[in-house]
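Before any comments, here is the structure.
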Amino acid sequence: MRYDLIIRNGVCVLPWGEVRTDVGVRDGRIATLGVDGRAEAAETLDATGLHVLPGLIDAHVHLRDPGDATIESIPTGTRAAVLGGITTVFDMPNTCPAITDAGTLAWKQEYAARESYTDFAFYVGATRSNTPDLAEYETQAGVCAVKLFAGSSTGDLMIEDDAGIEAVMRSGRRRIAFHSEDEYRLQERRPLFTTGMPYDTHRIWRDEECAALGTRRIMALARLTGRAAHILHVSTAEELDYLADYRDLATVEVLVNHLTQVAPDCYERLGGLAVMNPPIRDRRHYEASWAAIRDGRVDTVSSDHAPHPMAAKLKPWPECPAGLTGVQTIVPVMLDHVNAGRLSLSRLVDLMAAGPARVYNMVGKGRLAVGNDADFTLVDMQARRTISNDRIATPAGWTPFDGMAVTGWPIATILRGTTVMREDTVLGPPSGRLARFAW
């Protein structure tokens with residue numbers, strides 16, 4: 001038997017456990033798990049000492065394209081992703097212009113398929129004017145979901161009222177992704193705070209009630225309409241407890257930052273480099289997030305990669321924009337959590353491969369199985385490295401995890417049978433394709 005690629009001697013993280021077995025790849029797909037020792041291949045990769053994971057997915061990134069390429073773009077952001085062991089990204093629609101109509105959708109489909117280093121999917125933004133068209137847009141090539149900003153956006157891209165949100169829920173049938181902070185509470189409380197107050201003020205303004213109110217309102221409308229909802233970046237104990245009663249309709253994302261950083265320490269150390277929406281919260285919410293990881297209430301973990309220039313992040317609060325880099329660092333940070341005993345490697349794969357594939361109904365992704373795309377993230381669980389700004393590929397050039405020592409590191413990224421990263425080096429030109437979804 002001959003293959004295009006054989007990965008030998010690695011420990012494969014399969015849906016039923018960790019198994020030392022060889023993987024055979026043919027025509028960009030997994031052909032077999034368990035390769036005969038006499039089989040030949042055009043390329044053989046020795047994975048001795050490594051774990052072979054299904055290609056990991058970052059289902060929440062902001063690559064700012066179209067926008068300002070000096071901050072981020074699809075080529076630079078996806079290059080950072082493959083350096084970090086990510087094989088597929090899902091890009092958000094709040095670009096300039098926003099991805100909200102047939103013209104911008106067509107542009108993004110063509111551009112991403114040509115310039116992305118990873119496989120690529122993207123959200124279409126819900127607006128009041130495009131609500132009647134969302135049922136059509138959500139089925140277009142490469143579209144992972146409709147994204148609705150119920151808070152913390154501007155102009156037509158934000159729909160904060162119940163009637164507007166309900167109208168979106170009644171247009172189409174795929175799961176909708178929500179930013180669920182309550183805009184009314186945000187605006188009501190904004191006059192209480194002034195420029196130059198401590199960066200920790202960010203979590204006081206965007207408090208737990210702001211997040212919980214937004215999520216409760218959205219889930220009431222989900223129950224009314226029967227439309228499934230994916231609540232992005234859940235950050236409070238109250239939301240996690242509440243959503244446990246909506247598992248028939250709701251899926252849950254938690255961000256790596258909310259699993260790693262704790263207030264007020266992060267604001268004291270990092271200043272504006274810790275400012276994100278929803279904010280990083282105190283240890284009670286940190287512990288609640290990990291409890292939800294352990295008991296299965298969380299479906300996906302993502303980075304919410306949202307770069308801004310360092311100069312902008314150093315401005316006083318609240319003039320510093322909200323958003324952190326993360327697509328290149330999420331895998332090593334999560335591997336370090338595995339080594340610290342906070343979750344198993346199998347659970348990490350569930351959260352960053354099988355979980356996104358299940359939530360968004362992806363085709364051919366999410367697990368090591370015959371017939372699936374031959375996407376692999378090879379990791380060295382014993383490698384000790386330090387995350388540093390000088391390794392960050394995104395033009396912003398910084399990470400909130402600068403100086404963090406981690407154990408566990410992505411060694412190779414393989415996309416449909418082709419090695420696109422090996423030992424911190426990107427190999428070859430962009431070769432990504434639009435991800436596929438069943439709807």
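The values are calculated or read from the model by the stated rules, or taken from the named source; none is laboratory data. Predicted model only: the values in this text are computed from it and were never measured. A quick note on method: Cβ atoms are made from the backbone with ideal geometry, for glycine too, and the neighbour counts reach across all protein chains shown. Ligands, DNA and RNA are excluded from the accessible area calculation, which covers all protein heavy atoms including side chains. Shrake-Rupley method; radii C 1.70, N 1.55, O 1.52, S 1.80 Å.
Positive-end ranking of Leu63, Leu14, Thr194 along the dipole of the chain, with charges on Cβ about the Cα centre, is headed by Leu14. Relative contact order, whole percent, for the chain stands at 22, derived from Cα pairs under 8 Å and 6 or more residues apart. Computed from the C-beta positions of Gln187 and Asp248 and an R0 of 45 Å, the FRET efficiency is 0.90 to the nearest 0.05. Extension gain for Cys96 to Ile204 (0.36 nm times residue separation, less C-alpha to C-alpha distance): 35.9 nm. Per DSSP H run of at least 4 residues, take -39500 (n - 2.57); add these up for the chain, divide by its residues and hand me the 222 nm value, nearest 500 deg cm²/dmol. Value at 222 nm, helices only, nearest 500: -7500 deg cm²/dmol. With θ taken as phi - 60° and the Karplus curve 6.51 cos²θ - 1.76 cosθ + 1.60 applied, the whole-hertz 3J(HN,Hα) list for the stretch 120-131 is 9, 9, 8, 8, 9, x, 7, 10, 5, 6, 9, 3 Hz, x standing for glycine and proline.
Protein heavy-atom surface of the chain, 1.4 angstrom probe: 50% of the accessible area is carbon and sulfur, with nucleic acids and ligands not counted. With Rh defined as the Kirkwood radius, the inverse of the mean 1/r over Cα pairs, the Rg/Rh of the stretch 292-415 is 1.00. Pairwise alpha-carbon distances in the stretch 230-352 exceed 18 Å for 52% of all pairs. Find which of His285, Pro132, Thr377 sits farthest along the positive direction of the dipole of the chain, computed with +1 on the beta-carbon of Lys and Arg, -1 on that of Asp and Glu, about the Cα centre. Looking along the dipole axis, the top candidate is Thr377.
Using the Cα coordinates of the stretch 172-256, the gyration tensor eigenvalues translate into equivalent-ellipsoid semi-axes of 27, 13, 10 Å, sorted from longest to shortest.
Charge dipole (Cα centre; +1 on Lys/Arg Cβ, -1 on Asp/Glu Cβ; no other charges) of the stretch 87-129 amounts to roughly 140 debye. Around the amide H of Val327, modelled in the peptide plane, lie the amide H atoms of His305, all under 5 Å away and 5 or more residues distant in sequence or on another chain.
Count Lys and Arg as plus one, Asp and Glu as minus one, and take only other residues whose Cβ is under 13 Å from that of Gly37; the net charge is then -1. The string of couplings for the stretch 203-210 from the Karplus curve (6.51, -1.76, 1.60, θ = phi - 60°) is 7, 6, 5, 8, 7, 4, 5, 4 Hz, one whole number per residue in order, with x for Gly and Pro.
When the chain is modelled as a GNM with alpha-carbon springs shorter than 10 Å, which of Phe120, Phe376, Phe193 fluctuates the most? Per the Cα network of the chain with a 10 Å cutoff, Phe193 tops the list. Counting only residues at least eight positions apart within a chain, or on another chain, the lysines with an alpha carbon under 19 Å from that of Lys108 are Lys147.
Taken per residue, the accessible surface of the chain reaches 36 Å², heavy atoms only and a 1.4 Å probe. Post the alpha-carbon centroid distance, the stretch 130-196 to the stretch 304-359, in whole angstrom. Cα centroid to Cα centroid, the span is 22 Å. Highest GNM mean-square fluctuation, the chain, Cα pairs closer than 10 Å: which of Arg342, Arg416, Arg384? Comparing Arg342, Arg416, Arg384 in the GNM, the peak value goes to Arg384.
Sorted into 5 angstrom bins from 0, the C-alpha pair distances of the stretch 207-269 split as 4, 17, 27, 22, 14, 8, 5, 3, 1 percent.
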